[in-house]
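> Quick one: the structure is below, and I'll ask about it shortly.
The values are calculated or read from the model by the stated rules, or taken from the named source; none is laboratory data. Predicted model only: the values in this text are computed from it and were never measured. Glycine also receives a Cβ, built like all others from the backbone with ideal geometry; neighbour counts cover every protein chain displayed.
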Amino acid sequence: MSVISVSGQERDFTDTEKEEIFRKIGLGALKYFILKVDPRKNMTFNPEESIDFNGNTGPFIQYTYARIKSVLRKAQQAGIRQNIHDLSVISPVAKELDLIKLLRRFSGTVSEAASEYSPALIANYCYDLAREYNQFYHEYTILGESETSKRDFRLVLSRLTSEVLSRGMWLLGIEMPERM
């Protein structure tokens, strides 16, 4: 087992897992850096910029996806089931509404990207969604939420965000690691 430190957190991975994660991150960084630029514009590849975990990069989106998957795994391990039976009891806060609005734009963004022959629209949508989710994640508790309906709603919102990020990046040919 090897230990990888990302964002100051240490994780145990086998050498095979580590190689697979590095492969996904490296290829994701390269592909995303190229695809995020409008195809009608020139660009210069910057390797350092392409792997920044805090900027408009593939690794930033991949890390957000892995973070969400970690939250969902912890919920499952704790035996938390996502029960959203009566949505009328939920009053989403501003960040939750922002995420919902952004999630609803996905299919329109994909259609526009297809008609414009511009994968950059999908790439930048994925970045916007990841950035919005990270703001939500830092402002609101998910698993520690004492109100069960809010916690379950936030888990469902997290799961939907991970699914849309995965689909968007898949359209770009970028694999998403479950853990980082």
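> Suppose the filter is modelled with pLDDT of 95 or more, surrounded by 15 or more Cβ atoms within 10 Å (Cβ to Cβ) and more than 22 Å from Leu27 (Cβ to Cβ); does Phe60 pass it?
The answer is no for Phe60.
> A follow-up question, please. Considering Glu132, Glu112, which residue is farther than 22 Å from Arg67 by Cβ, among the acidic types (Asp, Glu) and in a helix (DSSP H, G or I)?
Glu112
> When you go through (1) more than 30 Å from Glu20 (Cα to Cα); (2) in a helix (DSSP H, G or I); (3) of a type outside the set (Ser, Thr, Tyr); (4) in contact with a Lys or Arg (Cβ under 6 Å, 6 or more places away or on another chain) one by one for Ala123, which number turns out not to apply?
For Ala123, the failing item is (1).
> Name the pairs: first residue in region 63-79 and within 14 Å of Met180 (Cβ to Cβ), second residue of a type in the set (Asp, Glu) and assigned to a loop (DSSP other than H, G, I, E, B), Cβ to Cβ under 9 Å, at least 6 apart or on different chains?
Listed by first residue and then by second, the contacts come to Tyr65/Glu178; Ala66/Glu178; Lys69/Glu178; Ser70/Glu178; Arg73/Glu178.
> Within region 153-175, how many residues turn out to be closer than 14 Å to Tyr140 by Cα and among the small types (Gly, Ala, Ser)?
1
> Inside region 90-109, can you point out the residues that are in a helix (DSSP H, G or I), of a type in the set (A, V, I, L, M, F, W, C) and either more than 19 Å from Ile68 (Cβ to Cβ) or in contact with a Cys (Cβ under 8 Å, 6 or more places away or on another chain) (or both)?
Going through region 90-109, the residues in a helix (DSSP H, G or I) turn out to be 94-104, 106-109.
This time we only want the ones that are of a type in the set (A, V, I, L, M, F, W, C), so: 94, 97, 99-100, 102-103, 106.
Ala94, the sole residue that qualifies.
> May I ask you to list pairs of residues, at least six apart or on different chains, whose Cβ atoms are under 6 Å apart, with the first in region 126-147 being surrounded by 14 or more Cβ atoms within 10 Å (Cβ to Cβ) and of a type in the set (Ser, Thr, Tyr) and the second being modelled with pLDDT under 95 and outside any helix (DSSP H, G or I)?
Listed pairs, sorted by first residue: Tyr127/Asn56.
> Among the residues that make up region 43-56, is at least one of them at pLDDT 90 or above and crowded, with 16+ Cβ neighbours inside 10 Å?
yes
> If I filter region 153-164 for residues that are in contact with a helix residue (DSSP H, G or I) (Cβ under 8 Å, 6 or more places away or on another chain) and acidic (Asp, Glu), do I get at least one hit?
If we filter region 153-164 for residues that are in contact with a helix residue (DSSP H, G or I) (Cβ under 8 Å, 6 or more places away or on another chain), which is where we start, we get 153-155, 157-162, 164.
Imposing the further condition that a residue be acidic (Asp, Glu) reduces the set to none.
No, every residue in region 153-164 fails to be in contact with a helix residue (DSSP H, G or I) (Cβ under 8 Å, 6 or more places away or on another chain) and acidic (Asp, Glu).
> Moving on to the next point. Identify all residues within region 141-167 that are in a helix (DSSP H, G or I) and either farther than 14 Å from Lys69 by Cα or more than 18 Å from the chain's Cα centre (by Cα) (or both); write none if there are none. First the steps, then the outcome.
Pass one, region 141-167, residues in a helix (DSSP H, G or I): 148-167.
Within region 141-167, Thr148, Ser149, Lys150, Arg151, Asp152, Phe153, Arg167 qualify.
> How many residues does region 168-178 hold that are in a helix (DSSP H, G or I) and surrounded by fewer than 15 Cβ atoms within 10 Å (Cβ to Cβ)? Steps first, answer last, please.
Residues of region 168-178 that are in a helix (DSSP H, G or I), as a first pass: 168-171.
Filter once more, keeping what is surrounded by fewer than 15 Cβ atoms within 10 Å (Cβ to Cβ): 170.
Count: 1.
> Name every residue in region 10-28 that is over 12 Å from Ala123 (Cα atoms), surrounded by 13 or more Cβ atoms within 10 Å (Cβ to Cβ) and at pLDDT 75 or above, in order of residue number.
Matches in region 10-28: Phe13, Glu17, Lys18, Glu20, Ile21, Phe22, Lys24, Ile25, Gly26, Leu27.
> Right, here's the next one. For region 29-42, how many residues are surrounded by fewer than 18 Cβ atoms within 10 Å (Cβ to Cβ) and assigned to a helix (DSSP H, G or I)?
Selection size over region 29-42: 2.
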